[in-house]
Each structure stands twice: as structure tokens, then as C-alpha cells.
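I have placed the structure first, in the form of C-alpha cells, so that the comments after it can refer back to it.
Derivation of every value follows stated rules applied to the coordinates shown; laboratory data play no part. Computed from a predicted structure; not experimentally measured.
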Amino acid sequence: MANKKNNETDQAIKQLTDQIAQLSINLAQKQQPPILTSTNYIDTNNRPDQDHNRCYYCGKTGHFAVKCRKRKEDEQDRNRSAERRYSNYSRNDKRD
């Protein structure tokens with residue numbers, strides 16, 4: 001009788017061990033990142049909407065207005081011309 005209970009217990013332990021192993025396998029498969037195929041990823045090179053990285057100053061893609069070389073050059077030119085204009089006024093205002 002004790003032998004029969006031990007045999008039943010061993011079978012129950014074996015079944016539980018098998019179930020735990022199967023659950024571990026299922027969990028590991030669910031936690032793996034999905035494999036990207038040609039049908040489930042977004043191709044960023046062929047997007048029709050490229051305005052998200054278009055410069056609002058010069059209109060070219062690949063940079064924003066903050067980093068625009070043309071805008072910086074134009075600002076430097078404006079500052080130089082303003083300095084020239086105001087420097088002429090200060091020279092003319094000096095009277096002896």
C-alpha cells in the first residue's frame with residue numbers, strides 16, 4: 001500500500017515537472033522579440049512624409065532650422081551690415 005502511494009506521488013511529481021517545463025518553454029517563446037519580416041516592419045527610407053526633418057528656413061531635408069547653415073550665414077551678413085551702418089553714424093556724430 002505504501003508502495004502504491006509512493007508510485008502515485010512519483011507520477012504526480014513527474015506530471016507537475018513536465019507541466020512546469022512546458023510552461024517555461026511557452027514563457028520563453030512569448031518573451032522573445034518578434035522576428036522582423038518584410039511584412040511587419042516600417043521601411044524608414046521609403047516614407048512619403050519626409051517633412052518631419054525638413055528645414056523651415058531653407059526648405060532642404062536632413063536638418064532643422066536651428067542647425068541651418070544658410071540661416072547662420074544670413075544672420076552673420078545682417079549683423080555685419082548693421083555694424084557697418086551704425087559705425088558710420090557714430091563716426092559722423094563725433095564733432096570737434
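Some notes on this structure:
- Listed by chain and number, the lysines whose alpha-carbon sits under 30 Å from that of Lys30, ignoring those within fewer than 8 places in the same chain, are Lys14.
- Note on Ser24 and His63: the extension gain reaches 9.2 nm, defined as 0.36 nm multiplied by sequence separation minus the Cα-Cα distance.
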